[in-house]
Amino acid sequence: RPLVVAIDGPSGSGKSSVSKEVARRLRLAYLDTGAMYRALTWYCVTHGIELNDAAAVEQAARDLVLELSTSPQEDYVRVDGVDVTDAIREPAISSAVSAVATTLGARTELIRRQRELIEKHHRRMVVEGRDITTVVAPGAEVRMLLTASEEARLRRRGIQLGGTQDAEQLAAQVTHRDAKDSTVVNFTKAASGVVTLDSSDLDFDQTVNAALVIVTK
Ligand code: CDP
């Protein structure tokens with residue numbers, strides 16, 4: 001029986017950790033589409049591809065030799081056989097990723113790959129990102145928007161990054177990136193049929209449980 005759980009949300013909403021745990025509990029495959037945009041960004045930066053050059057970024061998306069984990073138990077991302085699991089989380093990639101993600105031709109190619117991966121897993125997968133409920137898998141059995149107040153999101157991302165950043169740096173990484181991203185994908189408001197889960201006042205376990213209630217309803 002197919003069970004695609006589409007989860008969208010902004011940075012710091014707890015999307016990745018919650019999605020992964022939901023996949024574990026339900027024994028579903030897991031796809032972090034953000035990791036794909038990050039991997040493409042790493043590839044462009046490494047190959048000196050101009051991020052404003054839409055045609056070049058689009059070509060890079062087609063050329064990208066990408067392997068990524070589709071299991072919630074494992075975390076690996078490889079580009080051309082090189083392990084980039086940690087490298088794609090570096091601040092330099094975080095600040096460049098929106099430029100790549102707003103290149104429509106590159107999105108088309110990554111969306112095609114995402115749909116292919118969903119099919120490959122017989123449509124039994126938790127898929128998280130920014131445009132999953134609306135573009136990648138609008139026909140998903142479960143569609144959820146995981147939100148949190150800006151304050152909660154900044155706090156979580158700050159903890160995740162080791163608490164070494166000042167408020168201004170964090171805002172630059174989180175709020176500014178969301179603003180850029182939302183020029184092409186709207187993940188700030190739930191589309192029709194999408195359930196909103198606000199995690200501002202919930203801890204991790206409570207958020208996972210609330211998500212599981214939505215899935216099994
Ligand atoms: O770090 P965070 O969890 O907020 O982001 P991510 O899920 O790793 O995604 C990184 C970036 O990829 C986002 O800032 C977007 O620019 C882009 N992205 C996207 O455009 N569409 C998606 N479905 C997923 C990510």
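Sequence-distant contacts, meaning Cα pairs under 8 Å at least 6 residues apart, place the relative contact order of the chain at 34 percent. Considering only R177, R130, R155, the Gaussian network model of the chain with Cα springs below 10 Å gives its largest mean-square fluctuation to R155.
For the stretch 64-73, putting each phi into the Karplus relation 6.51 cos²θ - 1.76 cosθ + 1.60 with θ = phi - 60° gives couplings of 3, 9, 10, 10, 9, 5, 10, 10, x, 8 Hz, in residue order, rounded to whole numbers and with x for Gly and Pro. Multiplying the residue separation of V213 and E67 by 0.36 nm and subtracting their alpha-carbon distance yields 49.4 nm. Close amide H partners of L31, meaning residues 5 or more places away or on another chain with modelled amide H under 5 Å apart, are V126, V127, E128.
Sorted ascending by nearby beta carbons within 10 Å, beginning with the fewest, L146, L202 become L202, L146. Selection among V45, S13, N209 by position relative to the dipole of the chain gives N209 as farthest towards the positive end (Cβ unit charges, Cα centre). Taking the centroid of alpha carbons for each part, the stretch 14-59 and the stretch 113-129 are 14 Å apart. Tell me whether the stretch 1-58 comes out rounded, prolate or oblate; compute the Cα gyration tensor, take square roots of the eigenvalues as a ≥ b ≥ c, and use a/c under 1.5 as the rounded threshold. Taking the square roots of the gyration eigenvalues as a ≥ b ≥ c, the stretch 1-58 is prolate. Considering all different alpha carbon pairs of the stretch 24-135, the Kirkwood hydrodynamic radius works out to 14.2 Å. The helix-based estimate of mean residue ellipticity at 222 nm for the chain, built from -39,500 (n - 2.57) per DSSP H run of four or more residues and divided by its residue count, is -15000 deg cm²/dmol to the nearest 500.
Listed by chain and number, the lysines placed with their C-alpha closer than 28 angstrom to that of K189 are K15, K20, K180, K217; residues fewer than eight positions away on the same chain are left out.
Amide H to amide H, with H built 1.01 Å from N, V195 comes under 5 Å of R143, M144, L145, counting only residues 5 or more places away or on other chains. Expressed in units of 2.2 N^0.38 Å, where N is the residue count, the Cα radius of gyration of the chain is 0.96.
Summing Cβ point charges (Lys, Arg +1; Asp, Glu -1) relative to the Cα centre of the stretch 99-158 gives a dipole of roughly 140 debye.
This model, with +1 at the C-beta of Lys and Arg and -1 at the C-beta of Asp and Glu, gives the chain a dipole about its Cα centre of some 840 debye.
Between the amide H of V4 and those of M125, E141, V142, distances stay under 5 Å, these residues lying 5 or more places away or on another chain, with hydrogens modeled in the peptide plane.
Each Lys and Arg adds +1 at its Cβ and each Asp and Glu adds -1 at its Cβ; summed about the Cα centre, the stretch 1-125 shows a dipole of about 820 debye.
Read the figures in this text as sums done on the coordinates, not as results from a lab. The model shown is predicted, which means the values in this text are computed figures rather than measured ones. Because the Cβ atoms are built from the backbone with ideal geometry, glycine has one as well, and the counts that use them run over all protein chains shown.
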